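Engineer: Can you read through this structure? Questions will come right after.
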Amino acid sequence: MNPNSNNPKTITYTQIVDLSHIIDPNMPIWQNDPLVEFETVAELEKDGYYLRRFSMGEHSGTHINAPNSFYEDGVGIESYPAQSLVVPAIVIDICDKTTANFDYALTTVDVLNWEQQHHPISANSVVLLYTGWQEKWGDRRAFFNQDEQGKFHFPGFGAETSRFLIEQRAIAGVGIDTHGVDAGQDETFSTNRLVLEKAGIVLENLTNLDRLSPSGTTLVIGILRLRGGSGTPVSVLAFVP
């Protein structure tokens, strides 16, 4: 709560769900991305304390993307204000669609159907897309689902749907349990570009989305304020009503 605010805010919840994968050297990463590496630099017996050095890409594991990853004049992740990282979220479940079609992209009809069942999506919400892909995390081949031609087959947001959500629902951003909010077949990264053009939130490689309510959840996104960062691994906590 901001003590200087005339409108104090509260988070009402019954449980807290961690939406971040454990960072591990064997987790799925994009081809040509830096490896996830740990190196011991101090040991208890020798140095009196235990310490490791670690390195990884800015877009590995559960992470958030920054505008400068797609726009030359875009800000780095350190420019995201704290208040932008505590946001309401809704969850759209498309697991029934992705089981039959690995390339499924969320449609505007899907969004309208969700609203008919629940309520209109509130402005400044993050739309989380639960595709079921989180269950494939332990199998890199299944998670990326790359064919012999090098094409990736995993679901995501459709470009026109993202445009609708931004322009008609004024969302704060998007998130997903795959390695990209853009479906694997979308090599233009259209949803990333649309959201990051407005310095919105793009969360990828989320997990435990099946444990969230369709609406009413509040996300608290913990970033590393990397100067000029194109993104950063994040700890995402969901406060579930």
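Engineer: Multiplying the sequence separation of SER79 and GLN116 by 0.36 nm and subtracting their Cα-Cα distance, what value in nm do you get? Mind dumping the intermediate values first?
Structural biologist: Details: separation 37, 0.36 × 37 = 13.32 nm, distance 3.62 nm.
Taking SER79 through GLN116 to full extension adds about 9.7 nm, to one decimal.
Engineer: Determine the relative contact order of the chain: mean sequence separation of Cα pairs under 8 Å and six or more apart, normalised by residue count, in whole percent.
Structural biologist: After rounding, I find 31 percent.
Engineer: Now a separate question. Relative contact order, percent, of region 1-117 when contacts are C-alpha pairs under 8 Å separated by at least 6 residues?
Structural biologist: Once divided by the residue count of region 1-117, the mean separation gives 13 percent.
Engineer: On to the next question. State the number of lysine pairs found in the chain whose Cα atoms come within less than 27 Å, restricting to pairs 8 or more positions apart or on distinct chains.
Structural biologist: Pairs that pass both the separation and distance tests number 4.
Engineer: Amide H to amide H, which residues 5 or more places from GLY175 or on other chains are under 5 Å from it, using H placed in the peptide plane?
Structural biologist: The list, which skips near neighbours in sequence, is VAL127, LEU128, LEU129, LEU203.
Engineer: Between GLU39 and ASN101, what length in nm is gained on full extension when 0.36 nm per residue of separation is reduced by their alpha carbon distance?
Structural biologist: 18.2 nm
Engineer: Rounded to the nearest 0.05, what FRET efficiency do ASP47 and PHE164 have when you use their Cβ-Cβ distance and R0 = 45 Å?
Structural biologist: 0.20
Engineer: Continuing with this model, one more query. Summing -39500 (n - 2.57) over the DSSP H runs of n ≥ 4 in the chain and dividing by its residue number, what mean residue ellipticity at 222 nm do you reach, to the nearest 500 deg cm²/dmol? Before the final figure, lay out each step's value.
Structural biologist: Numbers: 6 runs with 41 residues, N = 241.
Helix contribution divided over all residues of the chain: -4000 deg cm²/dmol.
Engineer: Per-residue HN-Hα couplings for region 59-76, Karplus 6.51 cos²θ - 1.76 cosθ + 1.60 at θ = phi - 60°, whole Hz, x for Gly and Pro?
Structural biologist: Each residue of region 59-76 in turn: 10, 10, x, 5, 8, 10, 9, 10, x, 6, 6, 10, 10, 4, 9, x, 6, x Hz.
Engineer: Moving to a separate point now. If you keep only loop residues by DSSP, which chymotrypsin sites (Phe, Trp or Tyr not before Pro) in region 50-107 have at most 14 other Cβ atoms within 10 Å of their Cβ?
Structural biologist: TYR50, TYR71
Engineer: Then there's this: For Rg/Rh (Cα atoms, Kirkwood Rh), the choices are (i) 0.94; (ii) 1.01; (iii) 0.98; which was calculated from the structure?
Structural biologist: The listed entry that was calculated here is (iii).
No value in this document is a laboratory result; all are computed from the given coordinates. All values reported here derive from a predicted model rather than from experimental measurement. Here Cβ is always computed from backbone atoms with ideal geometry, including for glycine, and neighbour counts include all displayed protein chains.
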